[in-house]
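Beneath this line is the structure, given in structure tokens, with notes to follow.
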Amino acid sequence: MILTELESRVTLDRRSFLALSEAELAEVISKAQGFYFHGLAASRAGEEPVARSLYRKAFELLPTHIEALDNCAIGLVEELRFAEAIPLLEQSAVAEPTSPLAFLYLTKCYQETGQNRLAFHCIQYLAQNWPDKSPTIDWSHLGQP
């Protein structure tokens with residue numbers, strides 16, 4: 001149910017990549033990975049705004065770059081900017097519905113923004129697809145320097 005709703009809210013145009021030659025696609029992927037890795041380095045150096053900017057460049061080039069989407073969104077969640085993180089996490093969930101990370105963070109973001117129905121559907125999706133893992137984690141570190 002949640003995945004269908006997210007797919008109706010998020011448009012990932014994968015067809016544009018079909019028109020690229022193999023060399024052009026490799027170049028797009030290489031550039032996106034470059035931005036992503038520079039973002040990781042900036043994050044490790046404590047430069048979160050710079051890191052988010054680089055992650056954004058990565059997923060603007062490659063809208064299915066879930067690592068860049070997730071890292072950018074998680075940085076926003078860490079800063080308690082839940083509403084801003086939601087579109088990125090929704091895009092990540094649609095791009096890779098077999099990864100629980102986006103759904104876990106979406107649950108928290110939906111709860112914090114009063115979207116309890118969507119949070120409940122994320123919890124159901126997590127429980128159905130990963131029954132051996134708890135959808136409840138300790139969020140007490142959020143907002144801490």
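For (1) within 16 Å of residue 5 (Cβ to Cβ); (2) in contact with a Cys (Cβ under 7 Å, 6 or more places away or on another chain); (3) among the polar types (S, T, N, Q), each residue gets a yes or a no:
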| residue | (1), (2), (3) |
| --- | --- |
| 81 | no, no, no |
| 86 | yes, yes, no |
| 91 | yes, no, yes |
| 109 | yes, no, no |
| 124 | yes, no, yes |
| 127 | no, no, no |
| 134 | no, no, yes |
| 139 | no, no, no |
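I'm told residue 35 meets every condition in (1) over 30 Å from residue 136 (Cβ atoms); (2) free of Cβ contacts under 8 Å to residues at least 24 places away in the same chain except one. Can you identify the failing condition by its number?
(2)
Given (1) in a helix (DSSP H, G or I); (2) at pLDDT below 95; (3) open to solvent by less than 60 Å² (accessible area, probe 1.4 Å), identify the lone condition not met by residue 64.
(1)
Do we find a residue being in a helix (DSSP H, G or I) and under 23 Å from residue 128 (Cβ atoms) anywhere in the stretch 9-29?
Yes: one or more hits.
Any residue that is out of contact with any strand residue (DSSP E or B) (no Cβ under 8 Å at 6 or more places or on another chain), in contact (Cβ under 8 Å) with a residue 40 or more places away in the chain and in a loop (DSSP other than H, G, I, E, B) - is there at least one of those in the stretch 86-98?
Yes, the stretch 86-98 contains a residue that is out of contact with any strand residue (DSSP E or B) (no Cβ under 8 Å at 6 or more places or on another chain), in contact (Cβ under 8 Å) with a residue 40 or more places away in the chain and in a loop (DSSP other than H, G, I, E, B).
Here are the criteria: (1) open to solvent by 60 Å² or more (accessible area, probe 1.4 Å); (2) touching a Cys at 6+ places or on another chain (Cβ under 9 Å); (3) farther than 26 Å from residue 137 by Cα. Tell me which single one residue 59 does not satisfy.
Among (1) open to solvent by 60 Å² or more (accessible area, probe 1.4 Å); (2) touching a Cys at 6+ places or on another chain (Cβ under 9 Å); (3) farther than 26 Å from residue 137 by Cα, residue 59 violates only (1).
Taking only the stretch 109-128 into account, find how many residues are free of Cβ contacts under 8 Å to residues at least 60 places away in the same chain and open to solvent by 30 Å² or more (accessible area, probe 1.4 Å).
Residues of the stretch 109-128 free of Cβ contacts under 8 Å to residues at least 60 places away in the same chain: 109-117, 119-120, 123, 126-128.
Those still in the list that are open to solvent by 30 Å² or more (accessible area, probe 1.4 Å) too: 111-117, 120, 123, 127-128.
Counting residues in the stretch 109-128 that are free of Cβ contacts under 8 Å to residues at least 60 places away in the same chain and open to solvent by 30 Å² or more (accessible area, probe 1.4 Å) gives 11.
Out of curiosity, is residue 52 open to solvent by 50 Å² or more (accessible area, probe 1.4 Å), among the charged types (D, E, K, R) and either free of Cβ contacts under 8 Å to residues at least 12 places away in the same chain or within 30 Å of residue 120 (Cα to Cα) (or both)?
Details: open to solvent by 50 Å² or more (accessible area, probe 1.4 Å): no; among the charged types (D, E, K, R): yes; either free of Cβ contacts under 8 Å to residues at least 12 places away in the same chain or within 30 Å of residue 120 (Cα to Cα) (or both): yes.
In short, no.
Assigned to a helix (DSSP H, G or I), at pLDDT 95 or above, open to solvent by 20 Å² or more (accessible area, probe 1.4 Å) and farther than 23 Å from residue 144 by Cβ: is that true of residue 105 in this structure?
On the way: assigned to a helix (DSSP H, G or I): yes; at pLDDT 95 or above: yes; open to solvent by 20 Å² or more (accessible area, probe 1.4 Å): yes; farther than 23 Å from residue 144 by Cβ: no.
When the stated conditions are applied, residue 105 does not pass them.
I'd like to verify a number: residues in the stretch 76-85 that are assigned to a helix (DSSP H, G or I) and either open to solvent by 10 Å² or more (accessible area, probe 1.4 Å) or under 22 Å from residue 18 (Cα atoms) (or both), how many?
Just the residues of the stretch 76-85 that are assigned to a helix (DSSP H, G or I), to begin with: 76-78, 82-85.
Checking the rest, the ones that are also either open to solvent by 10 Å² or more (accessible area, probe 1.4 Å) or under 22 Å from residue 18 (Cα atoms) (or both) come to 78, 82-84.
Residues flagged as assigned to a helix (DSSP H, G or I) and either open to solvent by 10 Å² or more (accessible area, probe 1.4 Å) or under 22 Å from residue 18 (Cα atoms) (or both) within the stretch 76-85 amount to 4.
Does residue 46 meet the test of being farther than 24 Å from residue 97 by Cα and outside any helix (DSSP H, G or I)? Working first, answer last.
On the way: farther than 24 Å from residue 97 by Cα: yes; outside any helix (DSSP H, G or I): yes.
Judged against the criteria, residue 46 is a match.
The values are calculated or read from the model by the stated rules, or taken from the named source; none is laboratory data. From a predicted model like this one, the values you see are computed outputs, not experimental measurements. Counting neighbours? That spans all protein chains shown, and the Cβs are built from the backbone with ideal geometry, glycine included. For accessibility, only protein heavy atoms count, side chains too; no ligands or nucleic acids. Shrake-Rupley method; radii C 1.70, N 1.55, O 1.52, S 1.80 Å.
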